[in-house]
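Asker: What follows is a single structure, and I will ask about it in a moment.
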Amino acid sequence: MQTRQHELLAAVPGTTRFIHSFHYGPSDAEGKVYIQSSLHADELPGMLVLWHLKRRLAELEAAGRLRRPIVLVPMANPLGLEQVLMDVPQGRFDNDSRENFNRFFVDVSRQVGDRVEAQLTDDVDNNLRLIRSTLVRVMASQVPTTPLQSLRLVLQTLACDAEVVLDLHCDFEAVQHLYLSPEAWNRVEPLARYLGARACFMAEEAGGRSFDECFTLFWSQLRARFPGRLAQPGFAVTLELRGVADVSHELAGQDCQGLINYLTHAGAIQGAAPPLPALLDQPTPLAGVEPLISPVGGVIVFCARVGDQLEAGQVVAEIIDPVTDHVMTVTCTRGGLLYVRSLRRMATAGMTIAHVAGVEAYRQGYLLSP
């Protein structure tokens with residue numbers, strides 16, 4: 001195992017921050033795996049999972065069982081970890097730019113395409129290697145002007161030449177769920193099975209240029225530009241490891257084992273993978289997710305729990321005004337899985353308090369949370 005430090009651009013003199021990456025397995029092999037956690041710095045379940053995974057990978061490497069390069073970044077956002085306001089972590093948005101840390105990763109598909117166009121041949125595997133090596137050089141040539149841009153470029157550069165990219169997050173109160181592009185489903189399904197995911201959301205483009213999507217869209221754009229010239233590229237997935245309070249050795253060990261099983265199944269770890277568990281739920285379109293909005297302010301009293309299957313029109317919560325005694329019910333207009341609900345128990349008018357996973361797409365445009 002090798003540990004590398006990646007210095008971030010400092011906002012002021014006298015300050016230094018680093019991203020630490022941990023590199024396992026044969027560095028010269030193809031099929032690199034990249035896994036990071038806590039890009040939203042207050043989302044900590046993945047950080048503990050990767051702490052467990054570091055130890056397991058070290059043992060496997062010592063036993064000579066690693067067949068592909070595996071890179072871990074357990075603390076992907078040192079900038080956000082420092083943002084604590086009045087004892088409340090502020091890890092989702094950058095305080096200076098007010099941007100979501102997981103948005104606006106750079107698009108270099110045109111630059112890379114222009115550089116490789118004249119060098120492509122009929123060898124689809126060699127073309128893929130050429131594009132990956134060119135992508136690494138193009139990413140390394142980017143010059144950040146803010147610490148936030150610096151952080152995004154470090155992470156994107158570390159992941160850009162990987163075949164498997166896993167971005168570990170969590171939600172408020174939630175069941176385990178994944179976000180991916182539809183074309184990656186055949187390769188992601190074993191991961192969903194080993195992790196016991198309750199929901200898998202598919203979208204060609206959700207908007208916002210999130211970390212996983214910058215990877216997915218890069219390859220989509222290159223394949224559209226050079227049809228039939230590329231071998232199957234890699235894929236990127238966002239894993240939502242339940243809720244923010246689900247930080248325990250029991251759950252982290254379970255998720256770590258799920259990742260080990262998947263990496264064994266995928267050939268990154270030598271050995272026989274356990275039989276695939278049952279798929280708990282079929283994938284559904286991200287455009288089928290219904291955000292449940294509270295039309296008024298008041299105390300939130302939930303009437304349904306995460307993991308419940310809801311019928312159309314079912315009451316999910318009551319919003320109680322303790323001054324007027326008015327009780328407003330919030331219902332879902334479509335049936336589906338209640339996969340996440342808010343941690344807050346005081347609603348403000350217009351606040352999203354929960355999300356329900358429906359099976360039919362009905363939304364369009366920007367599909368992510370702020």
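The values are calculated or read from the model by the stated rules, or taken from the named source; none is laboratory data. Just so we're clear, the structure is a prediction, and the values are computed from it rather than from any experiment. Glycine also receives a Cβ, built like all others from the backbone with ideal geometry; neighbour counts cover every protein chain displayed. Each accessible area value is taken on the protein alone, full model and side chains, heavy atoms only, with ligands, DNA and RNA left out. Shrake-Rupley method; radii C 1.70, N 1.55, O 1.52, S 1.80 Å.
Asker: Sort through THR264, THR238 and tell me the only one that's out of contact with any Phe, Trp or Tyr (no Cβ under 9 Å at 6 or more places or on another chain), polar (S, T, N, Q) and open to solvent by less than 20 Å² (accessible area, probe 1.4 Å).
Answerer: Details: THR238 fails: out of contact with any Phe, Trp or Tyr (no Cβ under 9 Å at 6 or more places or on another chain).
Of the residues listed, the single one that is out of contact with any Phe, Trp or Tyr (no Cβ under 9 Å at 6 or more places or on another chain), polar (S, T, N, Q) and open to solvent by less than 20 Å² (accessible area, probe 1.4 Å) is THR264.
Asker: Taking region 62-87, which residues are open to solvent by 80 Å² or more (accessible area, probe 1.4 Å) and under 18 Å from the mean Cα position of the chain (by Cα)?
Answerer: MET75
Asker: Out of all the residues in region 101-109, is one or more open to solvent by 50 Å² or more (accessible area, probe 1.4 Å), modelled with pLDDT of 95 or more and touching a strand residue (DSSP E or B) at 6+ places or on another chain (Cβ under 7 Å)?
Answerer: The answer is no; no qualifying residue exists.
Asker: Which of the residues belonging to region 43-59 are touching a helix residue (DSSP H, G or I) at 6+ places or on another chain (Cβ under 7 Å) and among the charged types (D, E, K, R)?
Answerer: ARG56
Asker: Now for a different question. Looking at region 98-117, I want the residues that are at positive phi and have a partner that is open to solvent by 80 Å² or more (accessible area, probe 1.4 Å) with Cβ atoms under 9 Å, at least 6 apart or on another chain. Which pairs are those?
Answerer: As it stands, the answer is PHE104/ARG209, since those pairs meet every condition given.
Asker: Please list, ordered by residue number, the strands (runs of 3 or more DSSP E) wholly in region 271-346 having 3 or more residues that are without any contact (Cβ under 8 Å) to a residue 60 or more places away in the chain and open to solvent by 40 Å² or more (accessible area, probe 1.4 Å).
Answerer: Numbers: elements: 289-294, 298-302, 315-320, 327-331, 336-341.
It comes to 315-320, 327-331.
Asker: For region 9-39, which residues satisfy the criterion of being of a type outside the set (Gly, Ala, Ser), assigned to a loop (DSSP other than H, G, I, E, B) and surrounded by 22 or more Cβ atoms within 10 Å (Cβ to Cβ)?
Answerer: LYS32, LEU39
Asker: Related question: Among the residues of region 199-208, write down those that are modelled with pLDDT under 95 and crowded, with 20+ Cβ neighbours inside 10 Å.
Answerer: ALA206
Residues checked against (1) in contact with a helix residue (DSSP H, G or I) (Cβ under 9 Å, 6 or more places away or on another chain); (2) open to solvent by 40 Å² or more (accessible area, probe 1.4 Å):
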residue	(1), (2)
ASN186	no, yes
PRO190	yes, no
ALA197	yes, no
SER210	no, no
PHE215	yes, no
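Asker: Within region 347-370, restricting attention to residues that are part of a loop (DSSP other than H, G, I, E, B) and among the aliphatic types (A, V, I, L, M), which residue is surrounded by the most Cβ atoms within 10 Å (Cβ to Cβ)? Give the steps one after another, and end with the answer.
Answerer: Taking region 347-370 and keeping what is part of a loop (DSSP other than H, G, I, E, B), we get 348-350, 358-370.
Imposing the further condition that a residue be among the aliphatic types (A, V, I, L, M) reduces the set to 349, 359, 361, 367-368.
On the way: ALA349: 11, VAL359: 14, ALA361: 15, LEU367: 19, LEU368: 17.
Result: LEU367.
Asker: Out of all the residues in region 29-43, which are more than 15 Å from ASP212 (Cβ to Cβ) and touching a Phe, Trp or Tyr at 6+ places or on another chain (Cβ under 8 Å)?
Answerer: Within region 29-43, ALA41 is the sole residue that qualifies.
Asker: Quickly run through region 149-173 and pick out the residues that are open to solvent by less than 10 Å² (accessible area, probe 1.4 Å) and aliphatic (A, V, I, L, M).
Answerer: Matches in region 149-173: LEU151, LEU155, ALA159, ALA162, VAL164, VAL165, LEU166, LEU168.
Asker: Sticking with this structure for a sec: Hey, could you check region 42-55 for residues that are in contact with a strand residue (DSSP E or B) (Cβ under 7 Å, 6 or more places away or on another chain) and in a loop (DSSP other than H, G, I, E, B) and say which is nearest to CYS170 (Cα to Cα)? Outline the logic, then answer.
Answerer: We begin by selecting, within region 42-55, every residue in contact with a strand residue (DSSP E or B) (Cβ under 7 Å, 6 or more places away or on another chain); these are 42-43, 45-47, 49-50, 53-54.
From the residues that got through so far, the ones that are in a loop (DSSP other than H, G, I, E, B) too are 42-43.
Details: ASP42: 9, GLU43: 6 Å.
My answer is GLU43.
Asker: Right, next: Residues ALA354, ALA317, ALA349, ALA312: which one is aliphatic (A, V, I, L, M) and under 27 Å from the mean Cα position of the chain (by Cα)?
Answerer: After applying the criteria, what remains is ALA354.
Asker: Can you name the condition, by its number, that GLU59 falls short on among (1) open to solvent by less than 70 Å² (accessible area, probe 1.4 Å); (2) in a helix (DSSP H, G or I)?
Answerer: Every condition holds for GLU59 apart from (1).
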